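Below is one structure; the comments refer to it alone.
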């Protein structure tokens, strides 16, 4: 049995050594460095000639946002439109938003409560139940709070109105 296995071992040895020997002959011998090793100098790349933008270039929106404007603090502000121009609102109480007013005082006259509210402009206005605001209606004035029925402009919200209570002693409650 050893005589039959011997040719098989010789064949396997030749098959293993032959590719290694052929690979060694194909590679040229490595040259010894003549001096200190220096990397080859990089070839200078030619500078690409980019066209200059026109002097009076303006970005055309066409329904898209301007990519050159910052996205920080760019939320939907009720005081501005899409072009960032101030919205023309009514003077006085009808021009005030629910978030812009603070209750300064509440008085009772002729059996009903009247609230003194301050706007962002620093002016103080008097409001009664039924007065309209820019985004809602004053529903009720009590001794401790002003109740406002605010219209919600969120397209994802199922509720289109919410009740906001502006408290006399500061703060607010939202239902």
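Here, each number is a calculation from the coordinates, and none is a lab measurement. Bear in mind that the values here come from a model prediction, so they are computed numbers and not experimental data. Note that we place each Cβ from the backbone using ideal geometry, even for glycine, and neighbour counts take in every protein chain shown.
Working ranking of peptides 142-152, 102-112, 7-17 by packing, defined as the average number of other Cβ atoms within 10 Å per residue, highest first, is 142-152, 102-112, 7-17.
For the stretch 93-174, pairs of C-alpha atoms spaced more than 18 angstrom apart make up 36 percent of the total. Averaging 1/r over every pair of different alpha carbons in the stretch 134-175 and inverting the result gives a Kirkwood radius of 10.8 Å.
In the stretch 93-174, Cα pairs under 8 Å separated by at least six residues give a relative contact order of 24 percent.
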